[in-house]
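Visitor: Have a look at this one.
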Amino acid sequence: MTMKSYTFRVVLEQDRWPDEPDSQAIWRAYIPVLPAAHAWGDTPKEALENLRNAVDLLIEDMLERGEPIPQEPATHVKVSNEPLLTITV
């Protein structure tokens, strides 16, 4: 079995209603090349954790359907033929 590692660019931004103070904002995280990959959280860390869970399910579903995992544009996706572990701090 050939393994590949995919690293996707994530957009992480604070999201709030115009009349809300910043202290009530939530965090939104999404992956532009995977339109269905988006999540929210009360903190940046929680939003990223929720996004990771969503992406795990999304990729599993894509593989079951035989759909290709996006590999372009290179500014948004990095693909390696070796297993990788990415840590965000």
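Every number in this text was worked out from the coordinates using simple rules, so none of it is lab data. Because the structure is predicted, anything quoted here is derived from the model rather than measured. Don't worry about glycine lacking a Cβ; one is built from the backbone with ideal geometry, like all the others, and counts go over all protein chains shown.
Visitor: Once amide H atoms are built 1.01 Å from N in the peptide plane, which residues 5 or more positions from Leu84, or in another chain, come under 5 Å H to H?
Guide: For Leu84, no residues qualify.
Visitor: Once each part is reduced to its C-alpha centroid, what is the distance from the stretch 2-48 to the stretch 67-88 in angstrom?
Guide: Between the Cα centre of the stretch 2-48 and that of the stretch 67-88, the gap is 18 Å.
Visitor: Tell me, what is a quarter of the convex hull surface for the C-alpha atoms of the chain, in nm² with one decimal?
Guide: 6.8
Visitor: Taking the Cα centre of the chain as origin and charging only Cβ (+1 Lys, Arg; -1 Asp, Glu), how large is the dipole, in debye to the nearest 20?
Guide: It works out to roughly 360 debye.
Visitor: Which of Pro18, Pro44, Pro35 moves most in a GNM of the chain, Cα contacts under 10 Å?
Guide: Sorting by GNM fluctuation, first place goes to Pro18.
Visitor: What residue among Trp17, Trp27, Trp40 shows peak mean-square fluctuation when the chain is described by a Gaussian network model with Cα springs under 10 Å?
Guide: Of Trp17, Trp27, Trp40, the Gaussian network model singles out Trp17 as fluctuating most.
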